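Student: Please find one structure pasted underneath; my questions will follow.
The values are calculated or read from the model by the stated rules, or taken from the named source; none is laboratory data. Not measured: the values here are computed from a predicted model. FYI the Cβ positions are ideal-geometry reconstructions off the backbone, even for glycines, and counts take in every protein chain you see.
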Amino acid sequence: MSLIRADLESLPAYVPGRAVPGAIKLASNEVPLPPPPAVLAAIAEAAANANRYPDLAVSALTARLADALGVAAERIAVGCGSVSLCQQLVQITCRETSDEVMFAWRSFEAYPIVTQIGAATARTVPLTSDFRHDLDAMAAAVTPNTRLIFVCSPNNPTGTAVTRAEFERFLAAVGPDVLVALDEAYHEYVTDPDVVDGTTLLDAHPNLVVLRTFSKAYRLAGLRVGYAVGAPDVVLALRKVCSPFSVSSVAQAGAIAALDHAAELLASCAEVVSERTRVRDALLTAGYTVPPTQANFVWLPLGERSTAFATHCLERKVIVRPFAADGVRVTVSTPEENDAFLDAAASFAG
Ligand SMILES: *Cc1c(COP(=O)(O)O)cnc(C)c1O
């Protein structure tokens, strides 16, 4: 007899990007710059009240987000990072082992983990040969057991994004009885005007929920704040299953201050966008396959050579993120750090 449920033996661990002292870390899609000084000041001020519990309802931040997005506050649930909201989405939709959570593969590695923690069944649909979501195949794979579908756009780790036209066709094909979560963690890096912005489709689709985060463009990965925007009944359910006080007072204050400085933070995404073009072009010239990317990273589908490539980069003090036999994801950073990576890529013979 084991004290612990047996199926957790096979639970894949979330693999964080490695950190090696002195090395350039391009493994976690973080922004290499610290938060602006005014955001750090707000964080320090909130930390001074750390003896008090945070606002359970996350009222001030929710109101600020509602204002920024032009939606009612009852449509926003804030969570301890959007990964936590992914887990809450499984909790509010799945109850039986036969309940299914669908997502593309390869996509965000948290999806299979939260599905298994929720004791639901994962159903994956392969990406197309050009590393994009195969939304037609996903819609066709919906069964009466399908409870939740994650669509990641831009997709982690391939960088490819879903267009508005194909996402609307997908929603129409799926129908209103399955919750669809559009994970837009990299929304701020999108420059292609054809890419879907889920927040514009919420009124027409009560079964749509959009996930965003402060971890990437807003430079607060260490504070753990993300949010979901959706129909009030979905949001209410997400709040019900949220671990109480899991969005800390420091996180709430930091996120509000980051919104106060959104213009500055978003402006610095432009440099990443121009660097991603430069990095991708250099890799293409060097002979690599690199799908077009709308995120702050590039994907190198190196297959069985992925681990060797990551080791080669690490020997040159650059940490990238290999995914088993599929490929390698590399965060786009400052010009100097990107150059160090490009030098390593150029000398890879494997
Ligand atoms: C980074 C990332 C997130 C953000 O997770 P947090 O928990 O908010 O830090 C969510 N979804 C995807 C696809 C990501 O890559």
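Student: Pairs under 7 Å by beta carbon, first residue touching a residue at least 24 places away in the same chain (Cβ under 8 Å) in segment 154-175, partner loosely packed, with under 15 Cβ neighbours inside 10 Å, six or more apart or different chains?
Tutor: Ala161/Asp192; Thr163/Asp194; Arg164/Asp194
This table checks each residue for (1) touching a residue at least 24 places away in the same chain (Cβ under 8 Å); (2) at negative phi; (3) outside the structural domain of Asn29 (by TED's automatic domain parsing); (4) within 22 Å of the chain's Cα centre (by Cα).
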{"residue": "Pro292", "(1), (2), (3), (4)": "yes, yes, no, yes"}
{"residue": "Phe297", "(1), (2), (3), (4)": "yes, yes, no, yes"}
{"residue": "Pro301", "(1), (2), (3), (4)": "yes, yes, no, yes"}
{"residue": "Val318", "(1), (2), (3), (4)": "yes, yes, no, no"}
{"residue": "Ala325", "(1), (2), (3), (4)": "no, yes, no, yes"}
{"residue": "Asp339", "(1), (2), (3), (4)": "no, yes, no, no"}
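Student: Go through segment 192-229 and give me each residue that's away from the ligand (no atom under 15 Å from the Cβ) and either under 22 Å from Ala258 (Cα atoms) or in contact with a Phe, Trp or Tyr (Cβ under 6 Å, 6 or more places away or on another chain) (or both).
Tutor: Asp197, Thr199 - these are the residues of segment 192-229 that are away from the ligand (no atom under 15 Å from the Cβ) and either under 22 Å from Ala258 (Cα atoms) or in contact with a Phe, Trp or Tyr (Cβ under 6 Å, 6 or more places away or on another chain) (or both).
Student: Sticking with this one: Step by step: first the residues of segment 89-104, then only those that are within 13 Å of the ligand (Cβ to nearest atom) and assigned to a strand (DSSP E or B), then the one that is surrounded by the fewest Cβ atoms within 10 Å (Cβ to Cβ). Which residue is that?
Tutor: Among residues in segment 89-104 that are within 13 Å of the ligand (Cβ to nearest atom) and assigned to a strand (DSSP E or B), the one surrounded by the fewest Cβ atoms within 10 Å (Cβ to Cβ) is Phe103.
Student: Of the residues that make up segment 107-115, is at least one of a type in the set (Gly, Ala, Ser), outside the structural domain of Asn29 (by TED's automatic domain parsing), in contact with a strand residue (DSSP E or B) (Cβ under 8 Å, 6 or more places away or on another chain) and under 23 Å from Tyr227 (Cβ atoms)?
Tutor: Yes: segment 107-115 contains one or more residues that are of a type in the set (Gly, Ala, Ser), outside the structural domain of Asn29 (by TED's automatic domain parsing), in contact with a strand residue (DSSP E or B) (Cβ under 8 Å, 6 or more places away or on another chain) and under 23 Å from Tyr227 (Cβ atoms).
Student: Given the residues Val229, Val235, which is the only one that is on the phi < 0 side of the Ramachandran plot, touching an Asp or Glu at 6+ places or on another chain (Cβ under 8 Å) and not charged (D, E, K, R)?
Tutor: Residue meeting the stated conditions: Val235.
Student: Can you find a residue that is surrounded by fewer than 23 Cβ atoms within 10 Å (Cβ to Cβ) and of a type in the set (A, V, I, L, M) anywhere in segment 143-161?
Tutor: No: zero hits.
Student: Which residue out of Gly70, Gly79 is assigned by TED's automatic domain parsing to the domain that holds Asp233 and within 16 Å of the ligand (Cβ to nearest atom)?
Tutor: Gly79
Student: If you take the residues in segment 220-255 that are among the β-branched types (Val, Ile, Thr) and buried (at least 19 other Cβ atoms within 10 Å of the Cβ), which one is nearest to Asn338 (Cα to Cα)?
Tutor: Once the filter is applied, the top-ranked residue is Val225.
Student: Any residue in segment 213-230 that is in contact (Cβ under 8 Å) with a residue 12 or more places away in the chain sitting within a Cβ distance under 6 Å of a residue that is more than 9 Å from the ligand (Cβ to nearest atom) and in a strand (DSSP E or B)? List the pairs, counting only those 6 or more apart or interchain.
Tutor: Correct list of pairs: Tyr227/Ile76; Tyr227/Val78; Ala228/Ala77; Ala228/Val209; Val229/Ile76; Val229/Val210; Gly230/Val209.
Student: Restricting to segment 21-55, what's the tally of residues that are under 23 Å from the mean Cα position of the chain (by Cα) and more than 16 Å from the ligand (Cβ to nearest atom)?
Tutor: Total satisfying the criteria: 5.
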